[in-house]
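The values are calculated or read from the model by the stated rules, or taken from the named source; none is laboratory data. These numbers come from a predicted model, not from an experiment. Here Cβ is always computed from backbone atoms with ideal geometry, including for glycine, and neighbour counts include all displayed protein chains. Areas reflect the complete protein model, heavy atoms only, side chains present, ligands, DNA and RNA absent. Shrake-Rupley method; radii C 1.70, N 1.55, O 1.52, S 1.80 Å.
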Amino acid sequence: MTKHVVTIGSAMARIEGHALQTYPEECCGFLFGTESPTEFQIFRAQSVSNERAGGRTHRYLMTPDQFLKAEDQAEKWDYQLMGGYHSHPDHPASPSQFDLEHALPGFVYLILSVCEGYLETWRWWMLADDHQQFDELQFTRNYKEK
Amino acid sequence: MAVSIKIPSPLRRFTEGESVVEVNGQTVEEALENLIGQFSELAPQLYNEKGELRNFVNLYVRGEDIRYLDAMATKIKDGDEVMIIPSIAGGGETLSGKAEAATTFDRDEYLRYSRHFSLPEIGLAGQRKLKEASVLIIGAGGLGSPASIYLAAVGVGHIGLVDYDVVELSNLQRQILYTSAEIGKPKLTIAKQRLQALNPNVEITTYAESLSSANAVSLFRNYDIILDGTDNFPTRYLVNDVCVFQGKPNVYGSIFRFDGQVSLFEAKEGPCYRCLYEEPPPPGLVPSCAEGGVLGVLPSVVGSLQATETIKWITGAGQTLIGRLLLFDALAMTFREVKLQKNPDCVVCGENPTITEPIDYEGFCGVSGLEEMVTVPELSVQKVKQKLDSGENHLILDVREKWEWDIAHIKEALFIPMNAIPSRLDELDPSREIVVHCKEGPRAIAMAEYLIKQGFPDVKNMTGGIKKWTIEVDPSLNLY
């Protein structure tokens, strides 16, 4: 049984803003939070620059260096580095073959579909145990900050 | 050897939550095997079905990427820390919907680019960027030759070339892509063979057409950066404008006689070509390289500088020429630079641009003549010869350059190079018929027009210039 996802606070709004801002290029960033037996709880997001030199309209890259910094950040915030997000400009919010070939196991993937400059939808994913596909994670709700 | 392996957080669910695992081993490979020995669930996470490391896995020993060391055979010492650090890549489908291979290098490529890998400013990350990048080169001539050769050699993933010319004998003095055996063949056919032979890892796309307002927008769209190797003003303004429209950098280079200019125009951050030159010079005033001459090695200096700027822009190494114009003088052997300012009133990249799509560049540069045309009467070489023989009182005016005069000239002609004419008008008698000639015609027509506008009533062009004269009237002269 796959876990559900909840988001807390302004993380989602910031991610959406980032995706719109980089359109028609892909945006990317890291997700931080905690994990319960049934849920991934996303508290914070950190945008990073898309380090792909070319083809950023349909490709993104977060480097080992950016990953290390994200782990340090997680430690400072006392959260876990739970996953990453990226946008698919003018494409659906489903993982591509390229996403699959590069997928990091155990990592929560949030994919946003931005079409013609407007946010279409977003979906959550995690690599299946057999590495052959992604399982979709059910999104429960966004909890606003009190 | 006892070493510690640092596990990234997403993989800790396969190491019972451990972030650092102590293992033994002489090499990175042995250490990983022993790690998997302790946590068998890690094996399918780190290796694919073929037993290769998965794409996201990067391994570091003592802070260094093992790809720069001896890869999996890298020796480890007691107390070393081996880090598994993911890089995260992905993205939407390509337009073709095809799965695209990850940007990796095979064994030969590691050797081929080894001198780049050892440069900290380029390294693996920079070389990947080069492989992922696409460059469109406008013109496969003097500038395009060295630029394309170097960009292919250093492994730019995709190079596009635009040129519709065939190889001519007079190209070989400077266009180093071509050889004597290839005269008469289309340049791009040869260029593609040469570049592909130099580096088979590079994708070469050729466009055997002339760049125009009609095709530039769609051609540029497929490339990250445009390298301008053109030899004429209409194309240069076209390249500049479309780069500004699409937010793409324009690596500018130009050559004349012994002088070269290079800059990087990126209107998002600095000036564009129009900020530097709002308008082209009047047609005919600046002779082309064919007319004015160019030192054979000069385009290789300038084209190589353009390739350097392209590589720096792609990899992010160093400071680019954005906002600076580099001036090279081969005779004095000096490089100077001048600062360029963005023009807030620039018609394409300024605050209120008035040009937002390609215009008629031939018209803008006066090549096809939007302003009122002056018709220059023509006179055949045979007629000129008759007039000479009959002793008519007319003046033959040779407007070519001194070196051309020295190769061949009509002995009755008055020699004034075109650039000197405006200051030497008093040497011309308006009451006489003036027959202007150059090598083949364009300069003579431009100067005849100029003289007519200055009020000389009877000015004609000798059709076909001294070339036709030599062939049809006086074969004893040298052809050039």
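How big is the accessible area of B:K268 in square angstrom, nearest 10, if you roll a 1.4 angstrom probe over the protein chains?
My reading of the accessible area for B:K268 is about 150 Å².
What net charge is computed for the residues neighbouring B:A448, neighbours being all others with C-beta under 11 Å from the C-beta of B:A448, Lys and Arg scored +1, Asp and Glu -1?
Charge balance near B:A448 sits at 0.
Give me the distance between the Cα centres of the range B:433-480 and the range B:110-152, rounded to whole Å.
Between the Cα centres of the range B:433-480 and the range B:110-152 lies a distance of 46 Å.
Roll a 1.4 angstrom probe over the protein heavy atoms and tell me the percent of accessible area of the protein assembly as shown that is carbon or sulfur.
For the protein assembly as shown, the apolar C and S fraction of the accessible surface comes to 51 percent.
If ligands, DNA and RNA are left out, what is the accessible area of A:R44 with a 1.4 Å probe, given in Å² to the nearest 10?
Rounded to the nearest 10, the figure is 100 Å².
So, in nm, how far is label B:A73 from label B:D165 when the simple model puts each one 7 Å beyond its Cα toward the Cβ?
4.9
Under 5 Å between amide H atoms, partner at least 5 residues away or on a different chain: which partners does B:V82 have, H built in plane at 1.01 Å?
B:S4, B:I5, B:K6
With the other protein chains left in place, how much accessible area per residue, in square angstrom, belongs to the range B:312-456 at a 1.4 angstrom probe? If you can, show how the numbers build up before the last one.
Values: 7960 Å² over 145 residues.
Roughly 55 Å² per residue, with all protein chains present.
Which of the lysines could a cross-linker span from B:K467 if the Cα-Cα distance has to be under 22 Å and same-chain partners fewer than 8 positions apart are dropped?
Answer for B:K467, where 22 Å is the Cα cut-off: B:K383, B:K385, B:K387, B:K402, B:K411, B:K439, listed by chain and number.
Let me have the 222 nm mean residue ellipticity of chain B computed from DSSP H runs of 4+ only, each contributing -39500 (n - 2.57), with the sum over all residues rounded to the nearest 500. Spell out each step's value before the answer.
On the way: 17 runs with 142 residues, N = 480.
Mean residue ellipticity, 222 nm, calculated: -8000 deg cm²/dmol.
Give the Rg/Rh ratio for the range B:124-212, taking Rg as the radius of gyration of the Cα atoms and Rh as the Kirkwood radius, to two decimals.
Numbers: Rg = 12.9 Å, Rh = 13.1 Å.
On the Cα set of the range B:124-212, Rg over Rh gives 0.98.
Determine the sum of side-chain charges near B:N201: Lys and Arg each +1, Asp and Glu each -1, restricted to other residues whose C-beta is under 11 angstrom from that of B:N201. The partial results should precede the final answer.
Details: positive: B:R112, B:K131; negative: B:D106, B:D108, B:E109, B:E203.
In short, -2.
Quick one: ranking B:R274, B:R54 by accessible area, 1.4 Å probe, largest first, what do you get? Write down the numbers at each step before the final one.
Values: B:R274 5, B:R54 40 Å².
Result, largest first: B:R54, B:R274.
For B:R174, B:R13, give me the order by solvent-accessible area with a 1.4 Å probe, most accessible first, ignoring ligands, DNA and RNA.
On the way: B:R174 45, B:R13 100 Å².
Greatest to least solvent exposure: B:R13, B:R174.
At what distance in nm do the modelled label points of B:N352 and A:D135 sit from each other, each positioned 7 Å from its Cα along Cα→Cβ?
It is 6.1 nm.
Starting from 0.36 nm per residue, how many nanometres of slack lie between B:L111 and B:S4 once their C-alpha separation is accounted for?
Result for the pair: 35.5 nm of gain on full extension.
Let me know the charge dipole size of chain B about its Cα centre in debye, to the nearest 20, where only the beta-carbon of Lys, Arg (+1) and Asp, Glu (-1) is charged.
In debye, rounded to 20, chain B gives about 500.
Estimate the FRET efficiency between B:S390 and B:R257 by the formula 1/(1 + (r/R0)^6), using the beta-carbon distance for r and 35 Å for R0, to the nearest 0.05.
0.30
What FRET efficiency, computed as 1/(1 + (r/R0)^6) with R0 = 56 Å and r the Cβ-Cβ distance, is obtained for B:E203 and B:E412, rounded to the nearest 0.05?
0.45
Mind grabbing the accessible area of B:D106 for me, 1.4 Å probe, Å², rounded to tens?
Its heavy atoms expose roughly 80 Å² to the probe.
Provide a whole-number value for the mean count of partner chain Cβ atoms within 10 Å of the Cβ atoms in peptide B:433-446. Walk me through the numbers on the way to the answer.
Numbers: counts 0, 0, 0, 0, 0, 0, 0, 0, 0, 0, 0, 0, 0, 0.
For this peptide, the per-residue mean of nearby foreign Cβ atoms is 0.
Would you mind working out the accessible area per residue for chain A, using a 1.4 Å probe, and quoting it in Å²? Numbers along the way, then the final one.
Values: 6690 Å² over 146 residues.
Here the residues of chain A average 46 Å² of exposed surface.
Given the options A:P89, A:P64, A:P24, state which has the largest fluctuation in a GNM of chain A using a 10 Å cut-off (strictly under) for Cα springs.
Looking only at A:P89, A:P64, A:P24, the biggest GNM fluctuation is shown by A:P64.
Could you order A:W124, B:W405, B:W313 so the one with the most accessible surface comes first? Probe is 1.4 Å.
B:W313, B:W405, A:W124
Just the number, please: buried accessible area between B and A, total of both chains, 1.4 angstrom probe, nearest 100 square angstrom.
3200
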